[in-house]
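The values are calculated or read from the model by the stated rules, or taken from the named source; none is laboratory data. Keep in mind that what you see is a predicted model, and the values were worked out from it rather than measured. In this analysis, Cβ positions are derived from the backbone assuming ideal geometry, glycine residues included, and neighbour counts consider all displayed protein chains. Heavy atoms of the whole protein, side chains included, go into the accessibility calculation; ligands, DNA and RNA do not. Shrake-Rupley method; radii C 1.70, N 1.55, O 1.52, S 1.80 Å.
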Amino acid sequence: MNYQETIQYLYNSTPVFEHVGASAYKEGLDNSLALDAYLGMPHRTFKSIHVAGTNGKGSTSHTLATILQACGYRVGLYTSPHLVDFRERIRINGEPLSESYVVDFVAKHRAFFEPLHPSFFELTTAMAFSYFAESHVDVAVIEVGLGGRLDCTNIISPILSVITNISLDHTGFLGDTLAQIAVEKAGIIKPNTPVVVGETTVETRQVFENTAKEQHAPVVWAEQNPEVLQWQHRNEGGMSLQTHSFGDIVFELGGDYQYHNANTILTAARQLQAMGFGITAKEVAKGMGTVCRSTGLQGRWQTLSHAPTVVCDTGHNVAGWQYLSSQIRAQSYRTLRMVFGMVDDKDLDTVLTLLPKDATFYFTQASTHRAVPSEVVAQKAANNALQGTIYNNVYAAYKAALSDAEKDDFIFVGGSSYVVADLLSNLKMCSEKTK
């Protein structure tokens, strides 16, 4: 099989949560432990940092990796989902693993893993750990896929755990209260291992305190002694941070929610300093100032064009939209145009109440079985006084918005990671055709 055939084999032969949702979710670590033992327990050959949370764990993981990379370390980075290419999930110093590695890994090990019937994520995690071990990384930043306690990444013994925040998401798997979800996220807290907690509520803080006490794990509350003292958006993009320990920093990520992530990231960096990592203010500034360019991170308040301004963002739940809605409203525009769709395990009804009522909507659906049909989105939106037209794919909706727009309009594309993924994939294909 070539690379594309191998990727299709993985999608078609293993349950993929991004495509089919709940039926792909496998609770428990049995398959992960079996794969790990078969591969020689590769995760034990490198240090790791484990990152969980409802929102912000992707941005936090990418930025921590970039800071460590700026210090001269060889850094593995494992995140999910990908937006354009599967290989985005597994990187070393910002470079994705090769297509040949993916092909060879599947060909070499399929006789063992096929009888296990692993999920796509279980197999991808095993691939990442093997690649990092074979490539002799110094440290790997590992993002949790879903939850924490029973997530297949949770076989590692990290030197530092990071939990960004807790909000109501994936309630069908993790529980329908903040405390229940916090229990699942707190599952990454390991014995005698420091944990940085970014944001808490009364309910979640108690859970983290109890778990940390049981595990004899030192806990550091990022919001208690904040590293970020002030922040402002920059006209050029991103934000300026005034910090407690690292001086003035330009952060390449510019979403309103990123100042919370920045506080968590800098608190984690301070902990890594205490562990002996050679992190100085210079490397922190370099890492935070180049995170997208250094790791290929996309879809975080990403500006795609000007005149008209087009921004996409992967924010996909109520907590994310509480920030996105206010930031969208704060933009300067003649007409606000929104290409919008969501998937079926998110709280569409509540998100719709947060959307700007002065926008012209282009209701759409991503190319995943989990997408809420655009007709359903439009019908529910109409009940919230949101008006627009219906398109059966993201790129058609985007092209319509672009065609309708004047140069001083603002176009936002989002509602789901998969909406953004479809847009970026189509833009890439169009770009390659014109070369």
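Inside region 328-351, can you point out the residues that are under 23 Å from T309 (Cβ atoms) and open to solvent by 10 Å² or more (accessible area, probe 1.4 Å)?
Matches in region 328-351: R329, A330, Q331, S332, Y333, R334, T335, R337.
Please go through region 309-322 and pick out each residue that is open to solvent by 20 Å² or more (accessible area, probe 1.4 Å) and not in a helix (DSSP H, G or I).
T309, H316
Are there any pairs, at least 6 apart or on different chains, whose C-beta atoms fall under 7 Å, with the first in region 49-63 and in the same structural domain as S157 (by the TED database) and modelled with pLDDT of 95 or more and the second outside any helix (DSSP H, G or I) and basic (K, R), and if so, which?
Cβ pairs passing all conditions: S59/R300.
What's the total number of residues in region 224-247 that are touching a residue at least 12 places away in the same chain (Cβ under 8 Å) and touching a strand residue (DSSP E or B) at 6+ places or on another chain (Cβ under 8 Å)? Spell out how you get there, then give the answer.
Of the residues in region 224-247, the ones touching a residue at least 12 places away in the same chain (Cβ under 8 Å) are 225-231, 233-234, 237-239, 241-247.
Next cut, touching a strand residue (DSSP E or B) at 6+ places or on another chain (Cβ under 8 Å) only: 227-231, 233-234, 237-239, 241-244.
Matching residues across region 224-247 total 14.
Against the definition (touching a Phe, Trp or Tyr at 6+ places or on another chain (Cβ under 8 Å) and not in a helix (DSSP H, G or I)), how does V102 come out, yes or no?
Values: touching a Phe, Trp or Tyr at 6+ places or on another chain (Cβ under 8 Å): yes; not in a helix (DSSP H, G or I): no.
Considered against the rule, which asks whether it is touching a Phe, Trp or Tyr at 6+ places or on another chain (Cβ under 8 Å) and not in a helix (DSSP H, G or I), V102 comes out as no.
I'd like the full set of residues that are under 21 Å from L348 (Cβ atoms), open to solvent by less than 40 Å² (accessible area, probe 1.4 Å) and in a loop (DSSP other than H, G, I, E, B), limited to region 385-413.
L386
Just to check your reading of the model, which residue among R149, R110 is open to solvent by 40 Å² or more (accessible area, probe 1.4 Å), in a helix (DSSP H, G or I) and of a type in the set (K, R)?
Of the residues listed, the single one that is open to solvent by 40 Å² or more (accessible area, probe 1.4 Å), in a helix (DSSP H, G or I) and of a type in the set (K, R) is R110.
Any idea which residue in region 280-306 is farthest from the chain's Cα centre (by Cα), counting only those that are open to solvent by less than 10 Å² (accessible area, probe 1.4 Å) and not hydroxyl-bearing (S, T, Y)?
So, considering only residues that are open to solvent by less than 10 Å² (accessible area, probe 1.4 Å) and not hydroxyl-bearing (S, T, Y), the one farthest from the chain's Cα centre (by Cα) is V284.
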